[in-house]
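Inspection log for the structure reproduced underneath, given as structure tokens.
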Amino acid sequence: MDPITHGLVGATCAQCVSDKEKFKIASLIGFLAALVPDADVFLGFSSDPLLTIELHRQFTHSILFIPVGALLIASIIWWFFRKNLSFKSTYIISFAGYATAGLMDYITSYGVHLFWPILDYRYALNIVSVFDPFLTLGILVFIAIAFYKNKKTFSFLALGWLTVYLSFAGIQKSRVTEATSLSISQKGISNSEIIAKPTIGNQILWSARYVHNEDICSIGVRVGIFSSPIIYEGECYPILDWMEEYENIKGTVLYEDILRFSDLSEGYLVQHPDYPGVIGDARYSMLPTIISPLWGITVDTAKTNQHVSFNSYRDTSQKTREKFMKMVLGK
């Protein structure tokens, strides 16, 4: 989730647990507390890029870490507001803000270690993109009124908007999954796992992936609010059997890094069609109809004892943007 939305949701929940006299201070503390968990992006080492990715959305986002994280934040923030707040109140407000971070990332894609260290698994609902202006705008309007009028009623309305929007997003995902299942069944394909994710900034155009034989295939699905789904046929690309491909370097740093990236990508690895030597995560692309990974690792078998490099491969050209908007608009 983007930082602004994180902060607004944190501020909203902080307002809901605060007294009227502490309302504005609580808003600020809640906003800041919700941002702190994402400081994990600064962890890791430049020599091992995958470590930073592995640590992001890990322990700082775990439900079990919330009391500790809130305590750390309250211990620092209280020194700035000790004339206005007791430490107990500061902790409760910090707790309310901090607790929203992992849950808000959970509704997006890529996943969160919600139960680390008990379960080392990333959970994701995949119902909202990391940036959704309509979700953010609704929360912003209500929380701004709450802040101005100093009334908790509008804070609860902000939470109500969040609940309604997420319910709508869940319905949209269900429609996408159903439309994708029908589309691939008409091709004679059955019992295939479907991966559905909203494209950036909207709930109308979704990206769907399914596996057929040894290929991963892409489909764009437009689900208008009052219209039937539109299917945009995509392409298929072979899933990389990296264990066989790199069997001869087993036991090296390079081999272990490919294994780590495979775990992060849930096994959906492909050779990047545009960049030789790059292995990418086939679940993410600029357009829902293509299998051209947004990011990947560079594999150099001449350097088996060095960590891989990690890079992004975003195509933000006008042509790509025009294709995207045409699909969003149903053209």
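The values are calculated or read from the model by the stated rules, or taken from the named source; none is laboratory data. Computed from a prediction, not measured in an experiment: that's the story for all the values here. Ideal geometry is used to build each Cβ from the backbone, glycine not excepted, and the neighbour counts take in all protein chains shown.
Suppose the filter is surrounded by 22 or more Cβ atoms within 10 Å (Cβ to Cβ), among the small types (Gly, Ala, Ser) and either outside the structural domain of Ile29 (by TED's automatic domain parsing) or touching an Asp or Glu at 6+ places or on another chain (Cβ under 9 Å) (or both); does Ala74 pass it?
So Ala74 fails the test.
Which residue is nearest to Ile4 (Cα to Cα), if the candidates are limited to the stretch 130-178 and must be surrounded by 14 or more Cβ atoms within 10 Å (Cβ to Cβ) and among the charged types (D, E, K, R)?
Of everything passing the filter in the stretch 130-178, Asp132 is nearest to Ile4 (Cα to Cα).
Looking for something surrounded by 22 or more Cβ atoms within 10 Å (Cβ to Cβ), hydroxyl-bearing (Ser, Thr, Tyr) and closer than 24 Å to Tyr110 by Cα - is there at least one such residue anywhere in the stretch 51-60?
Checking the stretch 51-60: at least one residue is surrounded by 22 or more Cβ atoms within 10 Å (Cβ to Cβ), hydroxyl-bearing (Ser, Thr, Tyr) and closer than 24 Å to Tyr110 by Cα.
Return a yes/no flag: does the stretch 217-238 have any residue that is of a type outside the set (Asp, Glu), under 20 Å from Arg122 (Cβ atoms) and in contact with a strand residue (DSSP E or B) (Cβ under 6 Å, 6 or more places away or on another chain).
no
Which of the residues that make up the stretch 14-53 are under 22 Å from the mean Cα position of the chain (by Cα), of a type in the set (Gly, Ala, Ser) and farther than 26 Å from Lys83 by Cα?
Those that are under 22 Å from the mean Cα position of the chain (by Cα), of a type in the set (Gly, Ala, Ser) and farther than 26 Å from Lys83 by Cα: Ala39, Gly44.
Output the number of residues of the stretch 247-285 satisfying the condition of being out of contact with any strand residue (DSSP E or B) (no Cβ under 8 Å at 6 or more places or on another chain) and either in the same structural domain as Pro49 (by TED's automatic domain parsing) or surrounded by 21 or more Cβ atoms within 10 Å (Cβ to Cβ) (or both).
Residues that pass the stated criteria total 1.
If we scan the stretch 179-192, do we find a residue that is of a type in the set (A, V, I, L, M) and part of a strand (DSSP E or B)?
The answer is no, given that none of the residues of the stretch 179-192 is of a type in the set (A, V, I, L, M) and part of a strand (DSSP E or B).
Can you tell me which residue in the stretch 45-61 is farthest from Ala101 (Cα to Cα), limited to those that are hydrophobic (A, V, I, L, M, F, W, C) and in contact (Cβ under 8 Å) with a residue 24 or more places away in the chain?
Leu50
What are the residue pairs meeting all of these: first residue in the stretch 311-331, first residue surrounded by 11 or more Cβ atoms within 10 Å (Cβ to Cβ), second residue outside any loop (DSSP other than H, G, I, E, B) and among the aromatic types (Phe, Trp, Tyr), Cβ atoms under 7 Å, and 6 or more apart or on different chains?
Close Cβ pairs (under 7 Å, with a partner that is outside any loop (DSSP other than H, G, I, E, B) and among the aromatic types (Phe, Trp, Tyr)) amount to Asn311/Trp295; Tyr313/Trp295; Met327/Tyr232.
Quick check on the stretch 293-310: of everything there that is touching a Gly at 6+ places or on another chain (Cβ under 8 Å) and in a loop (DSSP other than H, G, I, E, B), which residue is surrounded by the fewest Cβ atoms within 10 Å (Cβ to Cβ)?
Asp300
Considering only the stretch 62-120, how many residues are among the hydroxyl-bearing types (Ser, Thr, Tyr), in a helix (DSSP H, G or I), touching a residue at least 60 places away in the same chain (Cβ under 8 Å) and touching a strand residue (DSSP E or B) at 6+ places or on another chain (Cβ under 6 Å)?
Total satisfying the criteria: 0.
Do you know which of the residues in the stretch 218-247 that are in contact (Cβ under 8 Å) with a residue 60 or more places away in the chain and assigned to a strand (DSSP E or B) is farthest from Arg175 (Cα to Cα)?
So, considering only residues that are in contact (Cβ under 8 Å) with a residue 60 or more places away in the chain and assigned to a strand (DSSP E or B), the one farthest from Arg175 (Cα to Cα) is Ser218.
Suppose the filter is in contact (Cβ under 8 Å) with a residue 24 or more places away in the chain and over 19 Å from Gly170 (Cβ atoms); does Ser207 pass it?
no
I'm trying to understand the selection: among the residues of the stretch 28-44, which are over 12 Å from Ala96 (Cβ atoms), of a type in the set (Val, Ile, Thr) and either in contact with a Gly (Cβ under 6 Å, 6 or more places away or on another chain) or at pLDDT 95 or above (or both)?
Val36, the sole residue that qualifies.
Looking only at residues that are within 23 Å of Pro198 (Cα to Cα) and of a type in the set (A, V, I, L, M) in the stretch 1-42, which one is surrounded by the fewest Cβ atoms within 10 Å (Cβ to Cβ)?
Looking at residues that are within 23 Å of Pro198 (Cα to Cα) and of a type in the set (A, V, I, L, M), I get Ile4.
Would you be able to say whether some residue in the stretch 223-236 is of a type in the set (S, T, N, Q) and in contact with a Phe, Trp or Tyr (Cβ under 6 Å, 6 or more places away or on another chain)?
No, because not a single residue in the stretch 223-236 is of a type in the set (S, T, N, Q) and in contact with a Phe, Trp or Tyr (Cβ under 6 Å, 6 or more places away or on another chain).
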